[in-house]
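Structure first, then comments.
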């Protein structure tokens, strides 16, 4: 989640916490293992390193460490699918759910193909950068460019600054990506989600088709759907105010629900 969006959410009255998923950023990276190509892992039936349940439980561990009994959960891309799974696995800890640019949290194997843009997957697969700090930064910029919103100018300087600050080696580590993508969900279907839900998706997403969001919103009882014009597989600055306002509105609506 971009710093600026966090600041806007804080201005809306939220206390904001964000964390790196395992095998990403400054979180724990597993030692090298024999893994498949990340995109083969996406369509596979099982992942051997850890499960999607483990990744959902990581978020609860963060809440426990903060001393928070519950939270309004937001996730984008893989984080959006994980957010859905948190609401399924730990419904008592989730006040509201906002899932952005994500597959249905229970999609698996070849069932994900209907939602993916294979041409973009091929572009990701061709990215090659040296395993150096400079290579990590260039990988971050290249991925940001591939995910960029077609309706807004790509800010390469901002993307580079983020890549330099975050220094996420997982962004060009196919083994880490394979472990993350291959973490399979074994729990209930997303139709069991019972918390107030907002589903966001860009109509110009170059990686995941908007039909994924429509399917997710249709299956979660009472979910709200917002298709964002000109938005890609990122969270561009011009829509930060809108996203913060929509999450605030969702939280306010949830607070008025009868127990």
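Coordinate-derived values only; no laboratory data. Please read these numbers as outputs of a predicted model, since none were measured by experiment. All Cβ positions, even for glycine, are placed from backbone atoms using ideal geometry, and neighbour counts span all protein chains on display.
Assorted remarks:
- Summarising the label geometry, the points placed 7 Å from Cα in the beta-carbon direction at residue 66 and residue 203 lie 3.4 nm from one another.
- Contact order relative to length of the chain, as percent, for alpha carbon pairs under 8 angstrom and 6 or more apart: 27
- Cβ-Cβ distance of residue 194 and residue 146, R₀ of 41 Å, FRET efficiency by 1/(1 + (r/R0)^6): the value works out to about 0.70.
- Cβ crowding within 10 Å, taken as a proxy for footprinting-reagent exposure, orders 53, 134 from fewest neighbours to most as 134, 53.
- Gyration tensor verdict on the chain (Cα atoms; rounded if a/c is under 1.5, prolate if a/b is larger than b/c, oblate otherwise): rounded
- Arranged from fewest to most other beta-carbon atoms within 10 Å of their beta carbon, 78, 66 become 66, 78.
- Cβ-based exposure ranking for 243, 227, 86, in which fewest neighbours within 10 Å come first: 227, 243, 86
- FRET efficiency estimate (nearest 0.05) - Cβ-Cβ, residue 255 to residue 121, R0 35 angstrom: 0.30
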